[in-house]
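The structure under discussion appears below in the form of structure tokens.
The values are calculated or read from the model by the stated rules, or taken from the named source; none is laboratory data. No experiment lies behind these values; they were computed from the predicted model shown. Cβ placement follows ideal geometry from the backbone for every residue including glycine, while neighbour counts extend to all protein chains displayed. These accessible areas exclude ligands, DNA and RNA; they are computed on the full protein's heavy atoms, side chains included. Shrake-Rupley method; radii C 1.70, N 1.55, O 1.52, S 1.80 Å.
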Amino acid sequence: MSAKWFYMASGWLRKARRIGPITEADLLARIDKGEISPETLVQSAKTRNKWIPMNKIKPAMERWRRSHPDKV
């Protein structure tokens, strides 16, 4: 079974809000669209339920680099 992911998005008046749970496929789709950037905090059972920047997750960063070659 795939992990359920959460991420922090900017909310009203610059306050962060937690989005999720989303599937890994949805997480990758949001990375492709640019909704989740390398600085975005993400959390799942795979991160031991700790908030970490997406750029610390190797497969996610590889996906980001493939989807956004002009921003590397």
Query - Leading residue at positive end of dipole, the chain (Cβ point charges), from His68, Ile19, Ala29 - result: Ile19
Query raised in the report: What percent antiparallel are the DSSP beta bridges of the chain, to the nearest 5?
Result: 100 percent
Query raised in the report: How much net charge surrounds Met8 when only other residues with a Cβ under 11 Å from its Cβ are counted (Lys, Arg +1; Asp, Glu -1)?
Result: +2
Query raised in the report: Mind listing which trypsin sites (Lys or Arg not before Pro) in the chain are in a DSSP loop and have 12 or fewer other Cβ atoms within 10 Å?
Result: Lys15, Arg48, Lys50
Query - Selected from Ala29, Ala60, Ala16 as most flexible by GNM, with the chain as the system and alpha-carbon contacts under 10 Å - result: Ala16
Query raised in the report: Per residue, how much accessible area does the chain have with a 1.4 Å probe, in Å²?
Result: 73 Å²
Report summary line: Neighbours of Asp26 by Cβ distance under 12 Å: Lys/Arg at +1, Asp/Glu at -1, summed charge 0
Report summary line: Restricting to lysines and to Cα separations under 17 Å from Lys33, and discarding same-chain partners fewer than 8 apart, the set is Lys71
